[in-house]
1. Take residue 230 and decide whether it is under 28 Å from residue 93 (Cα atoms), touching a residue at least 12 places away in the same chain (Cβ under 8 Å) and out of contact with any Pro (no Cβ under 8 Å at 6 or more places or on another chain).
2. Just to be sure I understand the filter: pairs with C-beta atoms under 6 Å, separated by 6 or more residues or on different chains, first member in the stretch 236-264 and within 16 Å of residue 289 (Cα to Cα), second member in a helix (DSSP H, G or I) and open to solvent by 30 Å² or more (accessible area, probe 1.4 Å). Which pairs pass?
3. Can you confirm whether the stretch 71-83 contains a residue that is more than 27 Å from residue 222 (Cβ to Cβ), within 16 Å of ligand 2 (Cβ to nearest atom), open to solvent by less than 50 Å² (accessible area, probe 1.4 Å) and out of contact with any Phe, Trp or Tyr (no Cβ under 7 Å at 6 or more places or on another chain)?
4. Which of the strands (runs of 3 or more DSSP E) found entirely inside the stretch 380-444 contain at least 2 residues meeting this: in contact with a Phe, Trp or Tyr (Cβ under 8 Å, 6 or more places away or on another chain)?
5. If you go through the stretch 204-237, how many residues are part of a helix (DSSP H, G or I), of a type in the set (A, V, I, L, M, F, W, C) and either closer than 19 Å to residue 134 by Cβ or within 11 Å of ligand 1 (Cβ to nearest atom) (or both)?
6. Give me a count of the residues in the stretch 42-60 that are closer than 29 Å to residue 181 by Cα and within 16 Å of ligand 1 (Cβ to nearest atom).
7. Just to be sure I understand, how many residues within the stretch 228-282 are more than 16 Å from ligand 2 (Cβ to nearest atom), of a type in the set (Gly, Ala, Ser) and within 16 Å of the chain's Cα centre (by Cα)?
8. I'd like to verify a number: residues in the stretch 351-374 that are modelled with pLDDT of 95 or more and in a loop (DSSP other than H, G, I, E, B), how many?
Amino acid sequence: MQARSCLAIVLAAGEGTRMRSAVPKVLHAVAGRSLLAHVLTAIAEAGITATAVVVGPGQEAVAAEAQRVLPSAECFVQRTRRGTADAVLAAKSAIERQPDDILIVYGDTPLIRAATLTRLRAPLAAGAAVAVLAFRPADAAGYGRLIVADDKLIAIREEADANASERTIGLCNGGIMALSGAQALAILERIGDRNRKGEFYLTDAVEIARSLKLDAVAIEVEEDDVRGINTKSQLAEAEAVAQQRLRKAALDLGVTFVAPETVFLCADTKFGKDVVVEPYVVFGEKVTVEDDAVIRSFSHLVGAHVGKGASVGPFARLRPGTRLGAGARIGNFVEVKEAVIEAGAKANHLSYIGDAFVGANANVGAGTITCNYDGRDKHRTTIGKDAFIGSNSALVAPVEIGAGAYIGSGSVITRDVPADALALGRGRQVIKQGVATRLRGLKSLGKNKSHSRD
Ligand code: UD1
Ligand code: CA
């Protein structure tokens with residue numbers, strides 16, 4: 001049998017007033033990824049053939065995010081926000097192409113999974129005109145209630161329009177609906193706005209389908225699949241669920257988390273085998289960690305690649321553009337940005353390495369700073385393989401330290417250092433015999449205790 005074609009319509013035109021934010025709701029992030037990106041990723045994974053995204057007027061940022069995540073997505077503008085059914089009709093020209101199935105997904109349900117979308121389409125193949133994802137939330141407030149009689153879905157009642165007895169119904173609308181492509185327009189165009197809010201409710205599709213003698217069914221799923229986000233509290237709850245899922249997936253892959261609940265991941269964090277992550281580590285976007293690497297406590301990584309068997313932290317900060325080679329070591333209070341640290345190289349204590357290349361097995365001593373910024377431009381520092389940078393050195397970029405070179409500690413290096421050379425970039429040490437004793441004597445004249453150390 002030929003696979004059924006499917007159009008997904010993502011509704012993202014709402015302002016999200018309840019978020020109390022200037023940022024459009026669907027651009028808020030869960031696990032480092034926008035709500036919209038989560039939804040579009042699930043749609044792509046479900047193998048859906050075409051996607052339409054409905055955005056509000058002036059929401060270019062939302063359209064741009066849709067294009068970034070799913071370049072094939074077509075954006076439609078809902079001119080005035082007149083409700084969810086009106087939003088769907090903004091994509092009317094896509095609906096008119098008559099796909100077999102239409103999936104309507106709200107842009108504010110980021111935890112939806114591909115498998116759930118596929119499940120919702122199954123009743124359409126079996127002849128239903130409408131299928132609705134249902135769930136029983138811990139708190140039903142704000143959700144539409146499903147009215148079921150004799151195992152049949154009769155209607156969806158929005159909370160504002162529900163009477164007291166309807167409000168006691170625990171089964172709610174998850175906000176994801178599948179419509180048969182052949183009947184979709186006939187149903188959608190019959191939806192009116194005679195309700196409390198004066199909006200065109202997509203949820204009325206159920207009653208209309210039934211009046212047309214078509215079947216509507218509800219498919220019940222767990223709350224975590226369909227949590228809708230209207231407020232910052234719900235955003236935080238969704239984050240907690242997303243984190244649990246990501247930690248579980250990493251653990252299943254063989255990553256060791258000493259205390260999983262203290263590790264924060266991004267939807268795109270990638271781990272190899274036998275990686276160990278100590279407690280209290282934060283992974284931002286675009287981090288990959290290869291086999292056998294160890295990420296120690298209180299480290300923060302964004303846009304970094306950690307090579308096989310490398311060691312990071314405790315208290316390390318890896319910023320975007322960091323690439324650590326196999327067995328490299330980045331220790332405590334070391335910040336790395338836009339820098340390649342080749343295999344076996346080390347920066348173990350208190351350093352800033354930015355816009356730099358550190359060759360294999362080089363040793364960057366405690367307190368070394370690459371002075372990459374002159375107040376206007378950024379410059380690069382290159383450290384050759386096997387070089388040794390003495391503690392507390394300032395490498396003033398642009399500068400190149402040759403392979404195997406040795407920099408005396410406390411140096412300020414402003415010129416290139418040839419391979420295997422020794423560079424001392426500091427003032428000469430001066431010795432004045434006995435002066436310390438004299439100074440102490442002077443001090444004790446003014447104080448009772450001559451050995452006060454404070
Ligand atoms: C909606 C459902 C409710 C369901 C809940 C699940 C309706 C009428 N109600 O309520 O039954 O339980 O979701 O989370 O559908 N949008 C537009 N244009 C509009 C209005 C909304 O694009 O004119 C978009 C919003 O951006 C949002 C989605 O549609 O992504 C849902 O709108 P929202 O206002 O959040 O609906 P709820 O009140 O949550
Ligand atoms: Ca909502």
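The values are calculated or read from the model by the stated rules, or taken from the named source; none is laboratory data. The structure presented is a predicted model; accordingly, all values stated were derived computationally and were not measured. For neighbour counting, all protein chains shown are included, and Cβ atoms are generated from backbone atoms with ideal geometry for every residue, glycine included. For accessibility, only protein heavy atoms count, side chains too; no ligands or nucleic acids. Shrake-Rupley method; radii C 1.70, N 1.55, O 1.52, S 1.80 Å.
1. Details: under 28 Å from residue 93 (Cα atoms): no; touching a residue at least 12 places away in the same chain (Cβ under 8 Å): yes; out of contact with any Pro (no Cβ under 8 Å at 6 or more places or on another chain): yes.
Judged against the criteria, residue 230 is not a match.
2. 247/260
3. yes
4. Details: elements: 381-383, 394-396, 399-401.
Here the list reads 381-383.
5. Our first condition is that a residue be part of a helix (DSSP H, G or I); within the stretch 204-237, this holds for 204-211, 223-226, 232-237.
Adding the requirement that they be of a type in the set (A, V, I, L, M, F, W, C) leaves 205-206, 208-209, 226, 235-236.
Okay, now just the ones that are also either closer than 19 Å to residue 134 by Cβ or within 11 Å of ligand 1 (Cβ to nearest atom) (or both), so 205-206, 208-209, 226.
Count: 5.
6. Pass one, the stretch 42-60, residues closer than 29 Å to residue 181 by Cα: 42-57, 59-60.
Of the ones still in play, those that are also within 16 Å of ligand 1 (Cβ to nearest atom) are 42-43, 51-57, 59-60.
Adding up the residues that qualify gives 11.
7. Here the count works out to 5.
8. 9
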